[in-house]
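See structure below.
The values are calculated or read from the model by the stated rules, or taken from the named source; none is laboratory data. Note that this is a predicted model, so its numbers are computed, not measured. With ideal geometry, Cβ positions are generated from the backbone for all residues, glycine too; neighbour counts draw on all protein chains shown.
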Amino acid sequence: MSESRLFRRTFDALPEIFGFTETFFARQGVDREILITVDFVVEELFTNMVKYGAAADPGSEVRIEIEAVEGGVEVLLADSGVEPFDVTGVPDADTGAPIEERRPGGLGLHLIRRLVDSWDYEYVVERRESRIRFKKTLAGKAAQDGP
């Protein structure tokens with residue numbers, strides 16, 4: 001069973017998003033042990049969409065869909081009216097470099113790679129829609145080497 005909602009393209013929507021995930025987990029009986037990870041990943045992806053999708057169509061919203069799967073959830077974030085940008089192809093942050101030599105940004109995506117079972121990206125040209133889907137389960141091995 002899945003549920004879907006539209007959220008305004010603003011950081012102020014985050015409390016609504018967390019309420020949506022919380023309610024979904026309770027209604028579907030999904031183990032809350034993974035809720036904090038799911039919320040972190042959704043927050044990181046959503047805030048990136050807000051920050052970097054500035055050229056999005058005015059009034060556009062981000063659709064978030066959650067589906068209960070065995071042992072966890074699969075989540076889709078769909079951002080319409082934007083140019084393609086495959087977040088799954090962004091290189092890992094260089095966490096071994098001295099702090100003064102590191103470039104800002106990319107750490108959130110670096111962490112996502114290690115927290116989810118899998119993730120993928122799709123771009124639907126007709127709708128100018130970026131779609132990021134990830135799966136998180138209790139039993140799943142975190143993806144260490146990207147998609």
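Residues of the range 116-132 that are surrounded by fewer than 19 Cβ atoms within 10 Å (Cβ to Cβ) and either more than 29 Å from E33 (Cβ to Cβ) or under 11 Å from the mean Cα position of the chain (by Cα) (or both): D120, Y121, Y123, V124, V125, E126, R127, R128, E129, R131. Residue count for the range 7-36 under the criterion of being outside any helix (DSSP H, G or I), surrounded by 13 or more Cβ atoms within 10 Å (Cβ to Cβ) and modelled with pLDDT of 95 or more: the result is 2. Across the range 55-111, which residue is modelled with the highest pLDDT among those that are within 30 Å of M1 (Cβ to Cβ) and surrounded by fewer than 12 Cβ atoms within 10 Å (Cβ to Cβ)? Top of the filtered list is E70.
Is at least one residue of the range 45-53 closer than 22 Å to S2 by Cα and polar (S, T, N, Q)? Checked the range 45-53: no residue is closer than 22 Å to S2 by Cα and polar (S, T, N, Q). Selection of first residues in the range 15-40 that are under 13 Å from V73 (Cβ atoms) and of second residues that are among the basic types (K, R) and assigned to a helix (DSSP H, G or I), restricted to Cβ pairs under 9 Å at least 6 apart or on distinct chains, gives the following pairs, ordered by first then second residue: E22/R32; F25/R32; A26/R32.
Any residue in the range 37-44 that is surrounded by fewer than 14 Cβ atoms within 10 Å (Cβ to Cβ), of a type outside the set (A, V, I, L, M) and under 14 Å from the mean Cα position of the chain (by Cα)?
First, pick out the residues of the range 37-44 that are surrounded by fewer than 14 Cβ atoms within 10 Å (Cβ to Cβ): none.
Within the range 37-44, not a single residue is surrounded by fewer than 14 Cβ atoms within 10 Å (Cβ to Cβ), of a type outside the set (A, V, I, L, M) and under 14 Å from the mean Cα position of the chain (by Cα).
The one condition from (1) over 18 Å from I132 (Cβ atoms); (2) in contact (Cβ under 8 Å) with a residue 60 or more places away in the chain; (3) in contact with an Asp or Glu (Cβ under 9 Å, 6 or more places away or on another chain) that E70 does not meet is (3).
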